[in-house]
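Structure, as structure tokens:
The values are calculated or read from the model by the stated rules, or taken from the named source; none is laboratory data. Owing to the predicted nature of the structure, the values given are computational and were not obtained by experimental measurement. We place every Cβ from the backbone using ideal geometry, glycine too, and count neighbours over all the protein chains shown. Heads up: the accessible areas ignore ligands, DNA and RNA and are worked out on the full protein's heavy atoms, side chains in. Shrake-Rupley method; radii C 1.70, N 1.55, O 1.52, S 1.80 Å.
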2 protein chains.
Amino acid sequence: MPVSKVLERKAKLHTALLDSAERRIAESTVGQLRARDLAADAGCSLGAIYNVFEDLDALILHVSLRTLQRIDLTMAQAGRAYADEDPIERMIKLANAYLEFVDGNHNLWRALFDHTLPEDYELPQWIIDGQLELFRHIEEPLSLVMAGQEPKLISQTARSLFAAMHGIITLSVERRVVAPDAVEPQMEFILRNFVKGLSAST
Amino acid sequence: MPVSKVLERKAKLHTALLDSAERRIAESTVGQLRARDLAADAGCSLGAIYNVFEDLDALILHVSLRTLQRIDLTMAQAGRAYADEDPIERMIKLANAYLEFVDGNHNLWRALFDHTLPEDYELPQWIIDGQLELFRHIEEPLSLVMAGQEPKLISQTARSLFAAMHGIITLSVERRVVAPDAVEPQMEFILRNFVKGLSAST
DNA sequence: CAGAAAATTGAACAATGTTCATTTAACTAT
DNA sequence: ATAGTTAAATGAACATTGTTCAATTTTCTG
């Protein structure tokens, strides 16, 4: 049974707008996204955008979900590719995989964090869930080097380590705090010493 | 010799606009800043803003410099207050001082990083310099626990550690990656193990 | 104090997200 | 098939903003 023409058109337009937004963000920045450009790309009227998405913020969040899923894919691949190495090596590989994604998808990655929602706009749960997936990859090797610790602590630490590496990358590309060619060695330096410190305890 | 009335007025307006912008950012967000509100606050015309500042971005950057200087002051105080403690304890105190500033000056802090400049707009050198000051505070205790290492490495590591702690705080308040009550213990956990790992090396 | 120079003004402009009355298309029951 | 009903698509119009600039006011100078 075919879906109604209406729903079919709506789904097509949904995808067309998402594709257009993703391409435009990738090619310039999220701040340069314009409703009229999207409508022109998708071959629809200006108002049609608002039949499919609540507003531009919602559209951007959908692009962000796609980006999160691509990051997840990248990290999953990195996790698989180095599955037999030591946990610490895998953690470093994961950090580098994330860094590589940032370098190769700069504007889409920036859109994830640069685009600040209006004050009343709630960060949707499905975006938070999309982020959560990422920590799975870190948690796996980390739970080996933190064997015996509380699962809650391991889970928290996976998130904090991600946030820490993310901070190093972010303050490098956005604020020149960390020199670009220091990012990779510093992520490695901090991870190695953190893990070494873990095993130096009790 | 009194400065000309023109320059006097200009200086007064400069301060009045900065004060108004700072107050308004602190009370709502940088995204809610409106040129017309600033003019009303400062008792000047709309156009007068542009006699004193290049544009609103420049005004916001000046507020950011003030914020950076206040962060510097906070960290300097923390550094002094715990001057006789172990280096690692001082590093933890510095991280907590930064966290405390973020909690107590949320919107001004967010303005530092949320406000993305137009693509052509160069991040001014005096903002970068303002950031650099912050790393001095970390470099001091860090150079004790990294005694004998290359000064270049110590300097890089101070920046990376700041960026790492900043990342943990940022992804906590903006993205819910790290639970709020986990931020402080996690910063401490990561710093302690990192430093422990350092001394575990040759 | 007159005239020149400079700053101040705020109405007008341009850009842009969003809305909604009108038009067009899709569906349904006979 | 078709008239009638329901729903979607349209894009002109609106509201909000940052920024500009010709006209006005103020300040400076000889």
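Checking the structure you have, find out if any residue of region A:40-54 is among the small types (Gly, Ala, Ser) and more than 12 Å from DNA strand D (Cβ to nearest atom).
no
From the list B:Tyr82, B:Tyr121, which one is away from every other protein chain (no Cβ under 14 Å) and surrounded by fewer than 20 Cβ atoms within 10 Å (Cβ to Cβ)?
B:Tyr82
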Scanning region A:96-118 residue by residue, those within 12 Å of chain B (Cβ to nearest Cβ) and under 22 Å from A:Glu54 (Cβ atoms) turn out to be A:Ala111, A:Leu112, A:Phe113, A:Asp114, A:His115, A:Thr116, A:Leu117, A:Pro118
Could you tell me whether B:Ser199 is polar (S, T, N, Q), surrounded by fewer than 23 Cβ atoms within 10 Å (Cβ to Cβ) and modelled with pLDDT under 95? yes
The listed residue being closer than 27 Å to A:Leu117 by Cα and in contact with a Lys or Arg (Cβ under 8 Å, 6 or more places away or on another chain), out of B:Ile25, B:Ile128, B:Ile60, B:Ile88: B:Ile128
From A:Ile25, A:Ile49, A:Ile88, grab the single residue that is under 25 Å from B:Arg175 (Cα atoms) and of a type in the set (A, V, I, L, M). A:Ile25
Between B:Gln131, B:Gln149, B:Gln156, which is in the same structural domain as B:Ile168 (by TED's automatic domain parsing) and modelled with pLDDT under 95? B:Gln131
Would region A:41-57 turn up any residue that is of a type in the set (D, E, K, R), more than 10 Å from DNA strand C (Cβ to nearest atom) and out of contact with any strand residue (DSSP E or B) (no Cβ under 7 Å at 6 or more places or on another chain)? yes
Is one or more of the residues making up region B:161-175 among the acidic types (Asp, Glu), more than 10 Å from chain A (Cβ to nearest Cβ) and closer than 28 Å to B:Gly104 by Cα? no
Matching residues, region B:144-156, being part of a helix (DSSP H, G or I) and either more than 27 Å from B:Gly130 (Cα to Cα) or more than 7 Å from chain A (Cβ to nearest Cβ) (or both): B:Leu144, B:Val145, B:Pro151, B:Lys152, B:Leu153, B:Ile154, B:Ser155
Subset tally (residues that are without any contact (Cβ under 8 Å) to a residue 40 or more places away in the chain and open to solvent by less than 10 Å² (accessible area, probe 1.4 Å)) for region A:175-192: 5
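Do you know which residues across region B:21-39 are touching a residue at least 24 places away in the same chain (Cβ under 8 Å) and near DNA strand D (Cβ under 8 Å from one of its atoms)? Step through it out loud before you land on a result.
Our first condition is that a residue be touching a residue at least 24 places away in the same chain (Cβ under 8 Å); within region B:21-39, this holds for B:21-22, B:25-31, B:33.
Of everything in region B:21-39, just one residue is touching a residue at least 24 places away in the same chain (Cβ under 8 Å) and near DNA strand D (Cβ under 8 Å from one of its atoms), namely B:Leu33.
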In region A:61-79, the residues that are touching a residue at least 60 places away in the same chain (Cβ under 8 Å) and either open to solvent by less than 60 Å² (accessible area, probe 1.4 Å) or not assigned by TED's automatic domain parsing to the domain that holds A:His137 (or both): A:Leu61, A:Ser64, A:Leu65, A:Leu68, A:Ile71, A:Asp72, A:Met75, A:Ala76, A:Gly79
Answer with yes or no whether B:Ala97 is among the small types (Gly, Ala, Ser) and either over 22 Å from B:Met187 (Cα atoms) or open to solvent by 60 Å² or more (accessible area, probe 1.4 Å) (or both). no
